[in-house]
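J.: Handing you a structure now.
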Amino acid sequence: MSTEPNPTDAPASRPTSVTAAAAVAGSEALALFAGGLYVLVSTLTGSPDDVTQALTGGATLLALGVIPLVAARGLLGLRRWSRGPAIITQIMALPVAWTLLGAGPLAMAAGAALGLAAVAALVLLLHPATPRSLGITPPGA
């Protein structure tokens, strides 16, 4: 017998913090997919210095996009397991954002947006209503 909430009940009982965190994670997934496709297409239509490295980079971005996408879907369905991957994704995004802040103007803007999104998602994921709605109880409770 599953202790997970019924997905058909999710929209009525899902707090705003969970929905917003899922939206941020979904947006990050879309950005990773777009970046991966851009790298792959520009590799195939251009002349990169190292084709293998460029193809690997594009494929890595596509693969990394799956994590926040699955986490967002799990959050929308109020799945207990989804909070962990969502938090880990945000923690991994912070050093990437910091690195982008030291690059050119376009990368700096992307880094600022990524950093703000990661911090916002972490705040939403750590909000007391989020673990409560996912059925996560504090240790010793």
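J.: For Ile88, Ile67, Ile136, write out the residues from largest to smallest accessible area, computed with a 1.4 angstrom probe and no ligands counted.
T.: In descending accessible area the options line up as Ile88, Ile67, Ile136.
J.: Something else: Among Ala23, Tyr38, Trp81, pick out the residue whose Cα is farthest towards the positive end of the charge dipole of the chain, where Lys and Arg carry +1 and Asp and Glu carry -1 on C-beta, about the Cα centre.
T.: Farthest along the dipole direction, towards plus: Trp81.
J.: If you don't mind, there's one more thing I want to ask. Give me the percent of accessible area attributable to carbon and sulfur for the chain, probe 1.4 angstrom.
T.: 73 percent
J.: For the chain, what is one quarter of the convex hull surface built on the Cα atoms, given in nm²?
T.: It is 10.7 nm².
J.: Let me ask something additional. Taking a probe of 1.4 Å, how large is the accessible area per residue of segment 7-124, in Å²?
T.: 56 Å²
J.: Give the long-range amide H neighbours of Leu134: residues separated by 5 or more places, or on another chain, with amide H under 5 Å away, using H modelled in the peptide plane at 1.01 Å from N.
T.: none
J.: Given R₀ = 41 Å, FRET efficiency for Thr16-Met92 by Cβ-Cβ distance, to 0.05?
T.: Computed FRET efficiency for Thr16 and Met92 comes out at 0.95.
J.: Along the Cα-to-Cβ line of Thr99, 7 Å from the Cα, sits a label point; which residues in segment 52-80 have backbone N less than 19 Å from it?
T.: Of the residues in segment 52-80, 52-68 have backbone N under 19 Å from the label point off Thr99.
The values are calculated or read from the model by the stated rules, or taken from the named source; none is laboratory data. Predicted model only: the values in this text are computed from it and were never measured. Every residue, glycine among them, receives a Cβ derived from its backbone with ideal geometry; neighbour counts consider all protein chains shown. Keep in mind that these areas ignore ligands, DNA and RNA; they rest on the heavy atoms of the full protein, side chains included. Shrake-Rupley method; radii C 1.70, N 1.55, O 1.52, S 1.80 Å.
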